[in-house]
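K.L.:
Structure provided below as structure tokens; questions to follow.
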Amino acid sequence: MKVHILDDWFDTLRTLPCFAKLDDCDVTVWTDHQPDPDLLAERVRAAEALVLFRERTKIGAPLLQQLPNLKLISQRSVYPHIDVNACTTNHVLLCSNMHSDTPSYAAAEHTLALILASYRQIPEQVASLRSGQWQSGVGRTLRGRILGLYGYGRIANSVAEYAKALGMKVQWWASDDGRDRAARDGESVSESRSAFFSSSDIISIHVRLKPATHGLITGEDLALMKPRALFVNTSRSHLVAQGALECEVARDRIHAAIDVFDDEPMTDVSNPLLCHPNVLATPHIGYVTEDEFDLQFADIFDQIIAYREGVPINMINSDVWREQ
């Protein structure tokens with residue numbers, strides 16, 4: 001089976017144990033990003049299966065219509081970057097393990113890393129030292145601070161464990177169902193949305209992006225945050241209303257630590273979320289660890305093997321398979 005892997009920027013997958021699962025396949029790995037659907041179609045014309053790195057490449061009709069050999073797209077987790085109807089129309093089966101029982105510890109760890117780095121001014125202190133200077137400022141302590149977690153899910157619960165170990169106080173906000181579950185679990189749920197935003201020293205959002213959550217965090221929400229409060233986003237950029245975070249940061253009231261952007265890869269160094277001194281930004285590396293990749297791509301490669309053996313798993317548009 002001819003398998004093409006997109007966007008493996010550092011050619012990492014070949015080095016992982018899970019890659020052996022594809023020993024019987026004809027594998028091509030692309031280590032750069034090609035956003036143009038016509039140029040991408042030229043590259044992967046022979047592919048029978050496409051492997052995606054999360055949401056790095058959008059998959060829609062302009063691409064799929066040029067790939068008559070493509071039978072399978074294998075990936076993991078949510079798929080807002082994939083036009084499922086276009087897949088079905090073009091007889092391409094989408095398989096995606098939703099890993100409902102497996103939190104991303106890598107993303108939770110990166111959330112904590114951003115919080116620590118921001119509060120202790122680690123990037124600034126390192127830059128000062130490397131420039132021949134000594135200390136460049138005074139950081140803040142996390143113990144006793146209030147961490148507000150928006151979204152009562154697996155990653156947020158892992159972040160809560162880390163925060164409590166550091167002596168932080170954790171409070172929650174979420175959907176009605178999420179708040180109910182948090183309360184039943186004995187967690188502290190804020191009395192209102194406005195109280196959540198106005199009383200938290202740090203707010204970290206952990207919500208899946210879907211039509212109902214697009215623009216979930218508004219400018220009004222951010223304006224309620226305390227002066228010098230920290231807003232953290234390692235989930236998805238579009239959970240925040242477009243331009244709202246940039247506007248609030250520009251007022252020099254709050255700080256931000258972000259791992260996600262409206263447009264990725266983000267290479268515009270003039271973007272305020274890259275150049276404002278109150279923002280600590282990383283290039284969507286929350287899930288980018290060797291351990292996490294081996295876990296994720298073992299599932300993705302298992303889907304390819306299952307398809308090849310005639311027993312596909314984790315089908316999203318199963319009608320395609322039934323029609324074959």
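The values are calculated or read from the model by the stated rules, or taken from the named source; none is laboratory data. Only a predicted model underlies this, so the values are computations on that prediction, with no experimental measurement involved. Cβ coordinates were reconstructed from backbone atoms using ideal geometry, including for glycine residues, and neighbour counts include every protein chain displayed. With ligands, DNA and RNA removed, areas are computed over all heavy atoms of the protein, side chains included. Shrake-Rupley method; radii C 1.70, N 1.55, O 1.52, S 1.80 Å.
Conditions tested, residue by residue: (1) in a loop (DSSP other than H, G, I, E, B); (2) surrounded by fewer than 19 Cβ atoms within 10 Å (Cβ to Cβ).
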| position | (1), (2) |
| --- | --- |
| Leu112 | no, no |
| Leu116 | no, yes |
| Val126 | no, yes |
| Gln135 | yes, yes |
| Arg143 | yes, yes |
| Asn157 | no, no |
| Ala160 | no, no |
| Arg179 | no, yes |
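K.L.:
Could you list, in sequence order, all residues of region 85-110 that are in a helix (DSSP H, G or I) and closer than 26 Å to Arg154 by Cα?
P.N.:
Passing the criteria: Tyr105, Ala106, Ala107, Ala108, Glu109, His110.
K.L.:
Got a sec? Which of Ser198, Ser235 is in contact (Cβ under 8 Å) with a residue 40 or more places away in the chain and either open to solvent by less than 50 Å² (accessible area, probe 1.4 Å) or over 19 Å from the mean Cα position of the chain (by Cα) (or both)?
P.N.:
Only one candidate qualifies: Ser235.
K.L.:
Please identify the pairs in which a residue from region 146-174 that is in contact (Cβ under 8 Å) with a residue 12 or more places away in the chain has its Cβ atom under 6 Å from the Cβ atom of a residue that is of a type in the set (Gly, Ala, Ser) and surrounded by fewer than 18 Cβ atoms within 10 Å (Cβ to Cβ), counting only partners at least 6 apart or on another chain.
P.N.:
Short answer, once both residue conditions are applied: Gln171/Ser188.
K.L.:
Right, here's the next one. Give region 246-270 a look and list any residue that's open to solvent by less than 80 Å² (accessible area, probe 1.4 Å) and within 16 Å of the chain's Cα centre (by Cα), or say none.
P.N.:
Ala257, Ile258, Asp259, Val260, Phe261, Asp262, Glu264, Pro265, Met266 - these are the residues of region 246-270 that are open to solvent by less than 80 Å² (accessible area, probe 1.4 Å) and within 16 Å of the chain's Cα centre (by Cα).
K.L.:
Can you find even one residue in region 189-197 that is under 29 Å from Glu124 (Cα atoms) and among the β-branched types (Val, Ile, Thr)?
P.N.:
No, the conditions are met nowhere in region 189-197.
K.L.:
Another question, if that's okay. Anything in region 271-290 that is over 20 Å from Arg253 (Cα atoms) and open to solvent by 70 Å² or more (accessible area, probe 1.4 Å)? List them, or say none.
P.N.:
Residues satisfying the conditions are Pro283, Glu290.
K.L.:
Does Tyr119 satisfy the condition of being touching a residue at least 24 places away in the same chain (Cβ under 8 Å) and either under 18 Å from Ser235 (Cβ atoms) or acidic (Asp, Glu) (or both)? Quick ask: steps written out before the conclusion?
P.N.:
On the way: touching a residue at least 24 places away in the same chain (Cβ under 8 Å): yes; either under 18 Å from Ser235 (Cβ atoms) or acidic (Asp, Glu) (or both): no.
Against the criterion (touching a residue at least 24 places away in the same chain (Cβ under 8 Å) and either under 18 Å from Ser235 (Cβ atoms) or acidic (Asp, Glu) (or both)), Tyr119 does not qualify.
K.L.:
Return the pairs, sorted by first residue and then second, in which the second residue is in a loop (DSSP other than H, G, I, E, B) and modelled with pLDDT under 95, the first residue lies in region 61-77 and is open to solvent by 50 Å² or more (accessible area, probe 1.4 Å), the beta carbons are less than 9 Å apart, and the residues are 6+ apart or on different chains.
P.N.:
Qualifying pairs under 9 Å: Lys71/Gln324.
K.L.:
Given (1) open to solvent by less than 30 Å² (accessible area, probe 1.4 Å); (2) under 17 Å from Asp7 (Cα atoms); (3) assigned to a helix (DSSP H, G or I), where does Ala306 come up short, assuming only one miss?
P.N.:
(2)
K.L.:
Check Arg208 against each of (1) under 17 Å from the mean Cα position of the chain (by Cα); (2) open to solvent by 10 Å² or more (accessible area, probe 1.4 Å); (3) without any contact (Cβ under 8 Å) to a residue 40 or more places away in the chain and name the one condition it does not meet.
P.N.:
In the conditions (1) under 17 Å from the mean Cα position of the chain (by Cα); (2) open to solvent by 10 Å² or more (accessible area, probe 1.4 Å); (3) without any contact (Cβ under 8 Å) to a residue 40 or more places away in the chain, Arg208 misses (3) alone.
K.L.:
Quick test for you: out of Gln324, Gln296, pick the one residue that is of a type in the set (S, T, N, Q) and open to solvent by 20 Å² or more (accessible area, probe 1.4 Å).
P.N.:
Gln324
K.L.:
Has region 18-27 got at least one residue that is open to solvent by less than 40 Å² (accessible area, probe 1.4 Å), closer than 22 Å to Leu295 by Cα, touching a residue at least 40 places away in the same chain (Cβ under 8 Å) and in a loop (DSSP other than H, G, I, E, B)?
P.N.:
Looking through region 18-27, at least one residue is open to solvent by less than 40 Å² (accessible area, probe 1.4 Å), closer than 22 Å to Leu295 by Cα, touching a residue at least 40 places away in the same chain (Cβ under 8 Å) and in a loop (DSSP other than H, G, I, E, B).
K.L.:
(1) under 16 Å from the mean Cα position of the chain (by Cα); (2) crowded, with 16+ Cβ neighbours inside 10 Å: which one isn't true of Met98, the others all being true?
P.N.:
The failed condition is (2).
K.L.:
Restrict the check to region 241-252 and report whether at least one residue is part of a loop (DSSP other than H, G, I, E, B) and touching a residue at least 40 places away in the same chain (Cβ under 8 Å). So that I can check it myself, show each step before the final result.
P.N.:
Step one: list which residues in region 241-252 are part of a loop (DSSP other than H, G, I, E, B), which gives 241-243, 251-252.
With the extra rule that they be touching a residue at least 40 places away in the same chain (Cβ under 8 Å), the set shrinks to none.
No - not one qualifying residue is present in region 241-252.
K.L.:
Which condition does Leu274 not pass, out of (1) closer than 29 Å to Pro35 by Cβ; (2) assigned to a helix (DSSP H, G or I); (3) touching a helix residue (DSSP H, G or I) at 6+ places or on another chain (Cβ under 8 Å), if it passes all the others?
P.N.:
(3)
K.L.:
Among the numbered criteria (1) under 17 Å from Ser235 (Cα atoms); (2) of a type in the set (A, V, I, L, M); (3) open to solvent by less than 20 Å² (accessible area, probe 1.4 Å), which one does Leu216 miss?
P.N.:
Against the list (1) under 17 Å from Ser235 (Cα atoms); (2) of a type in the set (A, V, I, L, M); (3) open to solvent by less than 20 Å² (accessible area, probe 1.4 Å), Leu216 comes up short only on (3).
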